[in-house]
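The values are calculated or read from the model by the stated rules, or taken from the named source; none is laboratory data. Given the structure is predicted, the values throughout are model-derived calculations rather than measurements. We place every Cβ from the backbone using ideal geometry, glycine too, and count neighbours over all the protein chains shown.
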Amino acid sequence: MKKNKISISAKFVALFLLIVSLNTLAYYFMLQNIYQQELKSQAKTVVSNVESFGAWVAQNGRVWVKEGSKESFLSQELYKASCENIDEEGFVHFYSKNPALAQREFSEVVAKSSSPAKFHMTSQNVMNPVNAPDDFEKTALAIVTKTGAAEYSEFVDGQYRFAQTIYHKASCISCHGDPAKAPEDVIKRYGSEHGFGFKEGDVAGVISVSIPANPLYMKALNFVGIKEIVLILVPFIIALWFVRAAIISPIKKLTEVAHEVSTGKDTPVDTAGIDLNTHNEIHQLTLALSRMRNSTQLALKKMREARAEAEKHRKS
């Protein structure tokens with residue numbers, strides 16, 4: 001059987017590197033979980049804000065605005081007024097927007113802003129083609145519809161994509177229920193083929209959020225600096241120093257002494273300051289080696305005396 005010639009020092013260094021590697025891996029997974037939770041928390045905050053905005057519009061039925069795209073409204077009203085934003089005939093134009101339209105325009109404003117988080121509302125049965133789902137949203141819609149999951153997320157092309165399920169409320173059914181009962185301006189603008197047939201509590205779709213996901217090592221640099229690295233490495237360095245100073249070096253010295261004693265040399269074993277009742281294993285080994293050395297020297301002495309006596313009798 002081939003003997004292992006690797007020293008204890010080399011084995012300990014290898015073990016030390018293995019422990020550091022495993023701890024680094026553990027820290028990586030911990031940081032990854034923290035980062036994903038941070039991204040999810042940001043996405044949920046965006047969803048909450050969007051839903052709050054939609055709820056504000058819904059509680060008023062619709063909102064009316066004076067300015068905005070003349071192509072983006074459900075209906076309009078004209079009022080005679082002497083103020084800004086009047087047409088040539090002196091009328092002010094007010095344009096109505098329901099919750100879905102207001103939220104979509106809100107998403108377009110956010111998309112053009114400097115905010116890193118963008119959102120999009122979509123469904124498997126969209127009324128407005130502009131709200132059609134992308135590939136991720138199609139996957140999310142299929143999963144939440146099939147499983148009843150409240151949310152779905154994954155990383156796609158350097159983006160953290162998060163989708164939260166939204167459900168039709170009673171206020172939504174007036175526009176998304178029976179097309180025969182839908183507001184005339186909704187039918188006029190979007191037709192009656194898509195976006196209808198829902199009941200209260202049905203899955204309306206998802207609010208999809210996209211947040212840039214930087215490589216984890218870049219985020220790690222924000223969490224782990226030189227001080228943190230030092231604090232991680234110092235305990236291992238102290239452990240390495242302790243094992244080498246308190247175990248490996250003394251054993252190496254005792255091994256040298258044991259080798260010399262085994263060849264018959266009268267090499268002293270330093271036991272000064274060692275308590276005979278010590279619980280230190282290295283000290284116990286030193287005392288045992290000292291006793292073995294004394295026994296060996298005594299045996300050699302008696303053997304030499306016996307040889308001398310035998311030689312004396314032979315000559316006589």
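Step by step: first the residues of the stretch 261-277, then only those that are loosely packed, with under 13 Cβ neighbours inside 10 Å and of a type outside the set (D, E, K, R), then the one that is modelled with the lowest pLDDT. Which residue is that? Looking at residues that are loosely packed, with under 13 Cβ neighbours inside 10 Å and of a type outside the set (D, E, K, R), I get Gly264. Does Ala100 count as surrounded by fewer than 16 Cβ atoms within 10 Å (Cβ to Cβ) and modelled with pLDDT of 70 or more? Taking the combined requirement at face value, the residue does not satisfy it.
Show the residue pairs that are 6+ apart or on different chains and have beta-carbon atoms under 8 Å apart, the first residue being within the stretch 10-38 and assigned by TED's automatic domain parsing to the domain that holds Leu233 and modelled with pLDDT under 85, the second being of a type in the set (S, T, N, Q) and not in a helix (DSSP H, G or I). Close Cβ pairs satisfying both conditions: none exist.
For the stretch 103-120, a residue qualifies if it is crowded, with 16+ Cβ neighbours inside 10 Å and polar (S, T, N, Q), and the qualifying residues are Gln103, Ser107. For the stretch 263-277, which residues satisfy the criterion of being small (Gly, Ala, Ser) and touching a helix residue (DSSP H, G or I) at 6+ places or on another chain (Cβ under 8 Å)? Gly264 - this is the single residue of the stretch 263-277 that is small (Gly, Ala, Ser) and touching a helix residue (DSSP H, G or I) at 6+ places or on another chain (Cβ under 8 Å). Under the condition of being touching a strand residue (DSSP E or B) at 6+ places or on another chain (Cβ under 9 Å) and either without any contact (Cβ under 8 Å) to a residue 12 or more places away in the chain or not assigned by TED's automatic domain parsing to the domain that holds Val126 (or both), the residues counted in the stretch 145-170 number 1.
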